Amino acid sequence: MPHDPCPMTLDIALTLAILLAVILLFVTERLRPDLVGLFVLVILVIAGLVTPTESIAGFSNPAVVTIWAVFILSAGLARTGVAAKLGEQVIRLARARPNQSRGSDEARLLTVLMTSTALLSGFMNNIGVAAMFLPVTIDIARRTGRAASRLLLPMAYASLLGGMLMLIGTASNLVISDFLRDVGLPPLGLFDFTPIGLAILVVSILYMNLIGRRLLPDRQTPRPLAAANSGMADRDLRTLYGLEERLAMLILPEDSPLAGRTLTDSRVGRALGLNILSIERKNGLRLAPDPTLILEGGDRLLALGRLDQFEQISNRPLFHLENDRPALQHLLAADAELAEFEIAPGSAFAGKTLVEVGVRQRFGASVLAMRRGDRVRRTNLQQLVLEPGDRVLIEGLPVHLRAFADQPGFRTLSLEEAEAYNLEKYLLVVSVPEGSALGGRTIQEARLGAAYGISVLNVIRQGRDWFLPDASLTLQAGDQLLLSGHTTDIEVLRGLQTIKLQPNVHIDLTELEDGPFAIIEVMLSPYTTLAGKTLRQLRFREKFGVSVLAIWRGDRAYRTGLADIPLQYGDAFLCYGSRERFEILARERDFFVLKLDVQEKPRLEKAPFAALIMLGVVAVVLLGWLPISVAAIAGAALMVLTRCLSMDEAYRAISWQAVFLIASMLPLGLAMQQTGAAALLANSVVNLVGPYGPVAILAGIMILTLAVNQFIPSAVNAVVMSPIALATAANLGVSPYPFMMGIAYAIASSFMTPVSHPANVLVMSPGGYRFSDYVKNGFAISLIVLLVGIPLLPIFFPF
């Protein structure tokens with residue numbers, strides 16, 4: 001029977017408006033999800049939909065506490081090698097048997113891999129399991145002679161299916177259980193998910209063996225990154241990446257102006273956009289040369305990259321240096337001023353480069369010099385990291401300089417006061433000749449700052465001045481440029497122009513992997529905070545000592561302009577450097593190194609402690625001695641006490657973004673319950689499919705949950721759908737458990753898009769997957785969840 005609709009009230013309208021805004025923000029990705037959650041928390045209080053106490057109660061919620069504790073427990077199992085040991089067993093079981101066909105061997109391999117991944121994911125965080133099994137799966141592909149694309153997606157799906165096996169399998173399971181506790185009902189048990197979850201897992205594995213594996217791509221050709229770690233022939237690797245066409249030998253003349261300069265100071269890499277892989281000289285070969293290596297005349301530099309920049313400067317001069325040195329007063333326009341300010345310890349500028357601060361782009365000013373202690377820096381300022389105590393000299397219009405007025409020690413300077421910076425020595429006037437590569441290019445395209453450390457302060461054209469010209473200004477032959485630089489910068493440019501080029505060299509890449517050096521794939525981890533930043537902003541080469549040869553995104557490789565490409569989730573890098581450097585990189589939470597032998601060595605002697613602690617947590621919860629939140633905290637503390645993890649490692653293991661997101665979104669679920677918004681939405685569902693009975697309503701709610709799950713984080717979906725499921729059960733006068741379990745299984749079904757779950761993003765680049773690959777198999781497994789779950793739920797959880 002149709003139910004009477006709940007009356008629309010102002011509070012319900014406000015709650016639904018906030019809910020709609022949240023969904024739109026998640027879909028458009030205009031703001032970080034955790035930041036959206038914090039804004040929602042504040043808005044709910046301001047609107048009077050929850051009390052201040054209720055708004056922050058989520059941070060002490062048992063589900064939230066359990067979530068961060070499980071992150072630590074998972075890290076303990078991974079750090080001590082317990083999980084890796086299981087992975088080794090997978091490799092052992094996955095080895096082909098004699099006289100077994102390739103098809104049946106692959107079916108057995110998928111069964112073992114998916115079962116092992118899913119069972120481990122029942123106890124551990126599923127993102128962590130997917131990350132841990134990623135190099136294991138690539139190694140299995142190498143040993144069995146398969147493309148990694150045949151195995152990685154089933155492994156990722158298995159990590160998600162494992163979340164359906166236990167209460168602690170996913171954060172959304174814990175959130176749903178806590179909603180039951182909040183309304184006075186017994187929370188879900190640790191193994192309440194297991195019977196139906198196992199049935200879904202078994203049917204899904206059967207599907208992958210019989211049908212799904214036939215839909216998996218066999219993409220060795222577009223997947224060079226996986227090849228780098230799967231034993232693929234080096235010739236194939238070069239072909240896949242197009243490295244052969246991008247390799248060239250740069251030969252320095254014996255009297256090169258670059259001789260005696262370091263590799264960094266020569267600007268070969270930055271100015272020409274090339275990666276220097278090795279340097280061959282009379283006394284031997286230097287692989288992965290350090291940026292501080294001194295160049296010598298006659299050096300042969302093996303370079304990787306496009307030669308556009310080299311060709312632009314090699315045959316024609318960029319500009320002519322004028323003999324007349326400009327006076328300081330020529331630096332300023334009639335209405336421009338000079339000012340200086342100090343970088344305070346708490347300044348937003350501290351720890352950033354001038355490029356990151358965007359002094360010219362954001363504020364319309366130009367940095368002329370910087371004083372650090374007794375030393376004044378006037379050139380190559382763009383990538384200099386600002387430190388507290390630095391004094392910065394800037395030029396600009398008064399309206400632009402006011403943006404810096406709140407900085408400590410801000411004051412305007414006269415030309416006489418600015419003479420202390422000795423700027424005249426570093427002012428150059430150059431002219432753009434006919435045929436120059438600068439003609440017809442904008443200042444930004446000319447890359448004088450990024451390539452040579454030279455700033456354009458003024459452009460003089462036919463008697464007209466452009467002071468602090470916009471980066472979009474197009475240069476023309478005959479222009480005079482007032483530059484902030486040094487004659488040594490011009491000497492570097494001339495040195496680059498004397499380099500001889502030997503294009504299309506044929507080098508066996510195995511020669512570059514001699515001894516401690518290796519070409520290894522590195523990925524952004526699912527927990528990275530670096531999305532949106534560039535390698536240049538991260539100072540990646542300087543910080544980690546490895547070179548990025550290419551970036552793999554989607555189904556193609558990028559090999560040019562890598563330093564300035566904003567990074568995205570799922571990006572993978574082909575890197576070259578020493579194994580020692582890769583071992584350091586492997587300890588960074590933002591990156592994931594896809595090579596087992598350079599990852600941090602596990603504390604194997606602590607493995608028995610970690611395993612016993614995890615078993616103990618499960619046992620005390622099963623016996624009812626402790627609630628799961630307290631048991632998980634105890635287990636996390638014991639992981640640190642027994643030195644399975646250090647305290648710092650425990651803190652790093654927690655995904656604080658997920659914790660803050662869930663804690664700050666829980667008040668929205670409470671507002672939906674208290675205002676009647678959940679009841680209103682539940683009535684709509686009941687009125688739509690109610691005449692067909694509770695099973696049809698269960699199916700409708702699961703399908704709705706599954707659809708919403710493709711667009712918003714799963715934990716947020718649990719917050720939104722739990723009140724609706726509870727209200728639906730109350731309307732029907734039946735048990736809420738089948739509905740709550742139904743939305744739990746539906747929320748765990750994040751199979752259909754690469755962005756619906758971090759585990760899916762994680763395998764996209766190593767597997768070379770496309771969006772359609774996820775849709776084909778993801779839709780089928782989501783359908784399995786519905787077809788298996790809907791009939792079994794009323795049996796195990798009667799209405």
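So here's what we get for this one:
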quantity: Test: Leu698 is over 20 Å from Leu19 (Cβ atoms), in contact with a strand residue (DSSP E or B) (Cβ under 9 Å, 6 or more places away or on another chain), in a helix (DSSP H, G or I) and hydrophobic (A, V, I, L, M, F, W, C); calculated: no
quantity: Count of residues meeting criterion [farther than 30 Å from Leu530 by Cα, of a type in the set (Val, Ile, Thr) and in contact with a Leu (Cβ under 9 Å, 6 or more places away or on another chain)] in region 589-637; calculated: 6
quantity: Residue within region 550-567 that is farther than 27 Å from Met249 by Cβ, surrounded by 15 or more Cβ atoms within 10 Å (Cβ to Cβ), touching a Gly at 6+ places or on another chain (Cβ under 9 Å) and at pLDDT 85 or above present; calculated: yes
quantity: The one condition in (1) farther than 25 Å from Ala369 by Cβ; (2) of a type outside the set (D, E, K, R); (3) modelled with pLDDT of 80 or more that Ile443 fails to fulfil; calculated: (1)
quantity: Region 723-736 residues that are more than 19 Å from Met665 (Cα to Cα) and buried (at least 18 other Cβ atoms within 10 Å of the Cβ), paired with ones that are among the aromatic types (Phe, Trp, Tyr) and modelled with pLDDT of 90 or more (beta carbon under 7 Å, 6 or more apart); calculated: Thr728/Phe739; Ala729/Phe739
quantity: Filtered residues of region 715-759 (kept if modelled with pLDDT of 85 or more and within 25 Å of Arg150 (Cα to Cα)); calculated: Ala748, Ser749, Ser750, Phe751, Met752
quantity: Subset tally (residues that are modelled with pLDDT of 85 or more and touching a Ser or Thr at 6+ places or on another chain (Cβ under 9 Å)) for region 764-779; calculated: 4
quantity: Residue match in region 687-700 (condition: surrounded by 22 or more Cβ atoms within 10 Å (Cβ to Cβ) and either of a type in the set (Gly, Ala, Ser) or within 25 Å of Ile43 (Cα to Cα) (or both)); calculated: no
quantity: Lone unmet requirement of (1) surrounded by 15 or more Cβ atoms within 10 Å (Cβ to Cβ); (2) in contact with a Leu (Cβ under 7 Å, 6 or more places away or on another chain) for Val359; calculated: (2)
quantity: Helices (runs of 4 or more DSSP H) (entirely within region 82-171) containing at least 1 residues that are modelled with pLDDT of 80 or more and within 26 Å of Ala632 (Cβ to Cβ); calculated: 102-123, 126-144, 152-162
quantity: Count - residues of region 306-347 that are surrounded by 16 or more Cβ atoms within 10 Å (Cβ to Cβ), modelled with pLDDT under 65 and under 30 Å from Ala550 (Cβ atoms); calculated: 0
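The values are calculated or read from the model by the stated rules, or taken from the named source; none is laboratory data. Quantities reported herein were computed from a predicted structural model and do not represent experimental measurements. Note that each Cβ is placed from the backbone with ideal geometry, even for glycine, and that neighbours are counted across all protein chains shown.
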